[in-house]
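Take a look at the structure below.
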Amino acid sequence: MIRALSLPTVVILATVTVLAAQTRSRSFGLPDDQWCRQDRQANFCEVRQDTLLGLSSIDVDAAPNGGIAVRGWDRGDVQVRTKISVFADRDADARDVAAGVTVQTGGGAIHAEGPARRDNTYWNASFELYVPRTSSLTLKARNGGITIGEFAGAARFASINGGVALTGVDGDVRGETVNGGITIELAGPRWTGAGLDVETRNGGITMAIPRNYSAQLEVGTTNGGFAIDFPINVQGNLTRFDRHIVTTLGAGGPRVRAMTTNGGVAIRAR
């Protein structure tokens, strides 16, 4: 809910000096061996692939220690790549553990199951998916980041320890992380769909907005710096301990909202 505005309309023009944590995935679409090489300390790593048909709703759970990267496409099937990484005292033990890990995909509920952690032996699973561009997503991570790109459907996401990166998204996108930065790169002339509503408790927010973009923008931080590199008319609180602004970009439109409690906010035109 937007709080009562305590200041008259003002114009802000600042130089971006505060950056949120950069979380944009640079591994999406890598060959299997290169993706595995990112887990340099793993004793064993393999990538498995599944193709799922007839799904309009996809639910991915990467807990306890995995990340999720999703990209929309114009096909009707869902392509799932799962990276299984195992850490153990011996390579042979790691291979045995990996053999006991299964990837469940029934009904579009995607998660990995496997042996319980023991001594110095444990495993994790990270997921990379191509999904229909206007499908419905539910993404959950505990210790891992979440990335969504080129997507225009309905998405709900949550992470406890992990950054969030949203690139070229539209539709109805809502979610939060507790410990991690949020990076948003908007595309197109306007937001199309119900809107964007994202929050982090401990982490910065970086947003890149195309020039002449149309939307209702709401951004804020409780404890952190605030910077915008282009002039906008805003209403909101700009006190020492509460920086919260609302503005109409271009012709207006759905609300694009990004909030943090402990972290800076940086907005730039592109």
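The values are calculated or read from the model by the stated rules, or taken from the named source; none is laboratory data. Fair warning: this is a prediction, and the values are worked out from it, not measured in the lab. Here Cβ is always computed from backbone atoms with ideal geometry, including for glycine, and neighbour counts include all displayed protein chains.
Hey, does the range 136-150 have a residue that's more than 20 Å from Pro64 (Cα to Cα) and aliphatic (A, V, I, L, M)? If you could, list the steps in order and put the result at the bottom.
First pass over the range 136-150, keeping only residues more than 20 Å from Pro64 (Cα to Cα): 136, 149-150.
After this cut, where a residue has to be aliphatic (A, V, I, L, M) as well, the list is none.
There is no residue in the range 136-150 that is more than 20 Å from Pro64 (Cα to Cα) and aliphatic (A, V, I, L, M).
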How many residues does the range 202-220 hold that are free of Cβ contacts under 8 Å to residues at least 60 places away in the same chain and either at positive phi or buried (at least 20 other Cβ atoms within 10 Å of the Cβ) (or both)? 6
Could you tell me which of the residues Gly149, Gly175 is in contact (Cβ under 8 Å) with a residue 40 or more places away in the chain, outside the structural domain of Ala62 (by TED's automatic domain parsing), buried (at least 18 other Cβ atoms within 10 Å of the Cβ) and within 12 Å of the chain's Cα centre (by Cα)? Gly149
Residues satisfying the stated conditions in the range 180-205, i.e. β-branched (Val, Ile, Thr) and more than 20 Å from Leu139 (Cβ to Cβ): Thr192
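Hey, does the range 187-201 have a residue that's out of contact with any strand residue (DSSP E or B) (no Cβ under 9 Å at 6 or more places or on another chain), surrounded by fewer than 24 Cβ atoms within 10 Å (Cβ to Cβ) and outside the structural domain of Thr105 (by TED's automatic domain parsing)? Before the answer, list the steps.
Filtering the range 187-201 down to residues out of contact with any strand residue (DSSP E or B) (no Cβ under 9 Å at 6 or more places or on another chain) leaves 188, 192.
Subset that is surrounded by fewer than 24 Cβ atoms within 10 Å (Cβ to Cβ): 188, 192.
Within this subset, residues satisfying the condition of being outside the structural domain of Thr105 (by TED's automatic domain parsing) are 188, 192.
There is at least one residue in the range 187-201 that is out of contact with any strand residue (DSSP E or B) (no Cβ under 9 Å at 6 or more places or on another chain), surrounded by fewer than 24 Cβ atoms within 10 Å (Cβ to Cβ) and outside the structural domain of Thr105 (by TED's automatic domain parsing).
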Please go through the range 190-231 and pick out each residue that is in a loop (DSSP other than H, G, I, E, B) and of a type in the set (S, T, N, Q). Thr192, Asn212
Cβ pairs under 6 Å, 6+ apart or interchain, first in the range 252-266 and under 18 Å from Gly188 (Cα atoms), second among the aliphatic types (A, V, I, L, M), ordered by first then second residue, are Gly253/Ala215; Val256/Leu196; Val256/Ala215; Val256/Leu217
